[in-house]
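Just below is one structure, and these are the notes that go with it.
The values are calculated or read from the model by the stated rules, or taken from the named source; none is laboratory data. Computed from a prediction, not measured in an experiment: that's the story for all the values here. Quick reminder, even Gly has a Cβ in these numbers, built from the backbone with ideal geometry, and neighbours come from all protein chains shown. Note: accessible area is taken over every heavy atom of the protein model, side chains too, but ligands, DNA and RNA are not part of it. Shrake-Rupley method; radii C 1.70, N 1.55, O 1.52, S 1.80 Å.
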Amino acid sequence: VFVAPAGTGKSHTVAVFAGAWARVTGGRVIGLTTSTNAARVLADEGLDAAHNIAHFLGKIKGSAETRGHLSVSRGDVLVVDEASQVSTEDLLRIVVIARNAGARVILTGDTAQLASPENGGMMRLIAHDHGQWQLHEVRRFDAKWEQKASLRLRKGDITSIRAYDTRGRIRSGPRDVAHAKAVELWITDFARGKDTLLLAGSNEE
């Protein structure tokens, strides 16, 4: 189990490992993710292959049946990305496939994240019972205060919100005003050619 809070360099570390594993053993490192976009990110980082889990397992949409999983060979390593969000059933299938092929499985992600919407939580249990490797240094942010604040926020320390608020990172107000301002800011950034994202809490919003 490889635990890495957001911004600590998990994808980069996995990619370096994949290159080393291929050179030393000749085996492949195959990334397995919950989404196709996440699979593309791993592939871009340099993994030999990356698939979303449904595709890897050969799931048939709207059915409990599968058409058979993709090929796995002895010496391969299956890296399950964001494994805390993967269902117990899918993790079991992946482990059985690896065991039958003589391959290995590495669970990566953050045990502090929300678990799978299906029956899940196995990554946290496995890490607790059998140990884990963990990255501790946040590298995504240039500002030291933000590196520390993100880790405090991850632990549920609500006082860390002050660090964001005092630096103008949080904007508040009546709901209708906040919604209008959010849309205005999004449109402004979009018109300037920026990649910008606006999240809503419900379909109604």
- Task: For the chain, give the magnitude of the charge dipole about the Cα centre (Cβ charges: +1 Lys/Arg, -1 Asp/Glu; no others), in debye to the nearest 20.
- Result: 440 debye
- Lys pairs under 23 Å by Cα in the chain, provided they are eight or more residues apart or on distinct chains: 5
- Largest first, how would 190, 2 line up by accessible area (1.4 Å probe)? 190, 2
- Which parts of region 135-174 would a label at residue 192 reach, counting a residue when its backbone N lies under 17 Å from a point 7 Å out along Cα-to-Cβ? 168-171
- Please get the size of the charge dipole for region 123-199, origin at its Cα centre, with Cβ charges of +1 on Lys and Arg and -1 on Asp and Glu, quoted in debye to the nearest 20. 200 debye
- Message: I'd like the antiparallel share, as a percent to the nearest 5, of DSSP beta bridges with both residues in the chain.
- Response: 5 percent
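Given only helices, namely DSSP H runs of n ≥ 4 each adding -39500 (n - 2.57), what is the per-residue ellipticity at 222 nm of the chain, to the nearest 500 deg cm²/dmol? Don't skip to the end; give the middle numbers.
Numbers: 8 runs with 87 residues, N = 205.
When only DSSP H runs of four or more count, the value is -13000 deg cm²/dmol.
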- Does anyone have the angle between helix 88-101 and the longest principal axis of the chain? Alpha-carbon axes, 0 to 90°, nearest 10? 30 degrees
- Task: Calculate, in nm to one decimal, what residue 159 and residue 60 gain on full extension: separation in residues at 0.36 nm each, minus their alpha carbon distance.
- Result: 31.0 nm
